[in-house]
Each structure stands twice: as C-alpha cells, then as structure tokens.
Amino acid sequence: MCRVIYKKVALPNGEEIGYREREGGKDAIIFVHGNLVSSKYWGKFMQRFPENFKLYAVDLRGAGISSYNKPIETMRDFSEDIWLFSQEMNIKEFILVGWSMGGVISMQLAADHPDAVKKIDPCKFTILQRYTIYKKR
C-alpha cells in the first residue's frame with residue numbers, strides 16, 4: 001500500500017488548497033470530491049490505486065484544509081482553483097476524476113483547458129470510504 005501525504009499550496013488568487021498526494025509514475029490523476037466532503041473521500045482508494053500513476057486529491061475551496069477567502073459564485077470558481085493548483089504543482093497534463101459535484105467541476109475545467117486534460121471521468125457512485133452518520137447503539 002502506498003503512502004498518501006496531506007499538504008496545502010498557496011494559489012495566486014489568494015486561496016490555499018489542501019491536497020493529498022501519492023507518488024507514482026509520470027501520468028497524473030487529479031481526483032475532485034463532491035459536495036459536503038473533502039479529499040479524505042479518496043484516501044483509501046489512493047492507497048490502493050496502481051502505482052504507475054501520480055495521484056492528487058484536492059480539497060475544494062472551503063473544504064478540508066482549504067481556505068475560503070472569496071465566496072464561490074459558480075462552478076468555474078472551483079475549476080479555476082484546480083487549474084491554478086495544477087499550474088502551481090507544475091502538472092502540465094492530467095486525468096480528471098470527479099465524483100458528484102466534482103464531476104461537474106471536472107467537466108468545466110476540461111471545457112476551459114482542453115489541452116491540459118487528457119481524459120475525464122465524471123463518476124457517480126457510492127462512497128468509497130465508510131462514513132458513519134448515526135451512532136450505533
């Protein structure tokens with residue numbers, strides 16, 4: 001199982017984006033979570049994903065350890081944060097995997113920056129990591 005490290009990076013728009021990173025091959029995949037969760041959603045999945053990919057899972061603005069200095073007005077605000085993240089991390093081309101709202105954000109990013117997005121996989125599936133909502137008695 002590969003080690004996933006949790007960090008953050010400052011963006012030129014004044015926001016800080018938290019992200020999880022896992023070392024791997026030269027092909028990069030950026031995972032984008034859905035509403036009301038964070039990059040933690042992808043954690044166990046990233047540990048078990050094939051090692052020939054370099055993996056990143058971002059915390060959207062206002063989630064996880066990311067800042068929320070300027071309010072979000074459109075999905076493009078989120079997608080531009082991810083675009084700026086890719087530029088700060090020097091990721092020239094990448095695959096996007098977005099779950100739920102993250103899929104919409106990924107499609108916006110691919111539409112705005114088609115030369116950088118090699119593939120896109122907007123997912124709609126159940127939670128990869130179990131989150132207990134109710135206390136068991």
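The values are calculated or read from the model by the stated rules, or taken from the named source; none is laboratory data. Keep in mind the model is a prediction, meaning the values are calculated, not measured. No Cβ is skipped: glycine too gets one built from the backbone with ideal geometry, and neighbour counts run over all protein chains shown. Ligands, DNA and RNA are excluded from the accessible area calculation, which covers all protein heavy atoms including side chains. Shrake-Rupley method; radii C 1.70, N 1.55, O 1.52, S 1.80 Å.
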ask   = If a residue has to be among the charged types (D, E, K, R) and part of a loop (DSSP other than H, G, I, E, B) to count, how many in the range 65-105 make the cut?
value = 4
query = touching a helix residue (DSSP H, G or I) at 6+ places or on another chain (Cβ under 6 Å), open to solvent by 70 Å² or more (accessible area, probe 1.4 Å) and more than 25 Å from Arg76 (Cα to Cα) - does that describe any residue in the range 1-24?
reply = yes
note = Given (1) at pLDDT below 90; (2) open to solvent by less than 30 Å² (accessible area, probe 1.4 Å), Phe94 misses just (1)
message = Tell me the residue from Val32, Val104 that is among the β-branched types (Val, Ile, Thr) and surrounded by fewer than 21 Cβ atoms within 10 Å (Cβ to Cβ), please.
response = Val104
message = Pairs needed: first member in the range 95-115, closer than 20 Å to Lys54 by Cα; second member anywhere, of a type in the set (Val, Ile, Thr) and assigned to a helix (DSSP H, G or I); C-beta distance under 7 Å; at least 6 residues apart or different chains.
response = Gly98/Ile105; Leu109/Ile82
inquiry  = Take the residues in the range 46-75 that are more than 15 Å from the chain's Cα centre (by Cα), charged (D, E, K, R) and more than 19 Å from Gly103 (Cα to Cα); name whichever of them is surrounded by the fewest Cβ atoms within 10 Å (Cβ to Cβ).
reply    = Arg48
